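> Supplied in C-alpha cells, the structure appears directly below.
The values are calculated or read from the model by the stated rules, or taken from the named source; none is laboratory data. Here the structure is a predicted model, which is why all the values come from computation and not from measurement. Here the Cβ positions follow ideal geometry from the backbone for every residue, glycine too, while neighbour counts run over all protein chains shown. Each accessible area value is taken on the protein alone, full model and side chains, heavy atoms only, with ligands, DNA and RNA left out. Shrake-Rupley method; radii C 1.70, N 1.55, O 1.52, S 1.80 Å.
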Amino acid sequence: MLDSLRFVQAAVAKKDYVPALKHFRIENGRVTSYNGVIALSAPIALNLNVTPRADQFAKAIATCDGEIALSVTPSGRI
C-alpha cells in the first residue's frame, strides 16, 4: 500500500489549495491523485471509497508498523 501511495503522491499539488488537488481518491481498488496537470493512479489493497487528504494520509500510513487496518466511521472519517 505504501508503494502505491508514494507513487501517486507525486501528482498531489504542493502549493494549490483546491481540495481536489490536495487529496487522494481511493475507489474500486485504485488510488488516484491529480495536480491540475497530470493524474497518477495505482492499484491499492483497500476496499474503501474515500477521499483522504494526501499529505496527512501518507504520513499516517508511513508511521505504521506491521499490518495496516483501516475502517470508515459512520460520519465518513477514516
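> Would you be able to tell me the number of residues in the stretch 15-48 that are open to solvent by 60 Å² or more (accessible area, probe 1.4 Å) and under 15 Å from MET1 (Cα atoms)?
Final tally of qualifying residues: 7.
> Name the residue, out of ARG6, ARG77, ARG53, that is among the charged types (D, E, K, R) and in contact with a strand residue (DSSP E or B) (Cβ under 7 Å, 6 or more places away or on another chain). Break it down into steps so the answer makes sense when it comes.
Working: ARG6 fails: in contact with a strand residue (DSSP E or B) (Cβ under 7 Å, 6 or more places away or on another chain); ARG77 fails: in contact with a strand residue (DSSP E or B) (Cβ under 7 Å, 6 or more places away or on another chain).
Every option except ARG53 fails the conditions.
> Output the residues belonging to the stretch 41-78 that are within 11 Å of the chain's Cα centre (by Cα) and among the acidic types (Asp, Glu).
ASP55, the sole residue that qualifies.
> Moving on. Tally time: how many residues in the stretch 51-71 are more than 14 Å from PHE24 (Cβ to Cβ) and not polar (S, T, N, Q)?
Here is the first cut: in the stretch 51-71, the ones more than 14 Å from PHE24 (Cβ to Cβ) are 63-69, 71.
Filter once more, so that each one left must be not polar (S, T, N, Q): 64-69.
Within the stretch 51-71, residues that are more than 14 Å from PHE24 (Cβ to Cβ) and not polar (S, T, N, Q) number 6.
> Take the residues in the stretch 49-70 that are among the small types (Gly, Ala, Ser) and open to solvent by less than 80 Å² (accessible area, probe 1.4 Å); name whichever of them is farthest from HIS23 (Cα to Cα).
Here the answer is GLY66.
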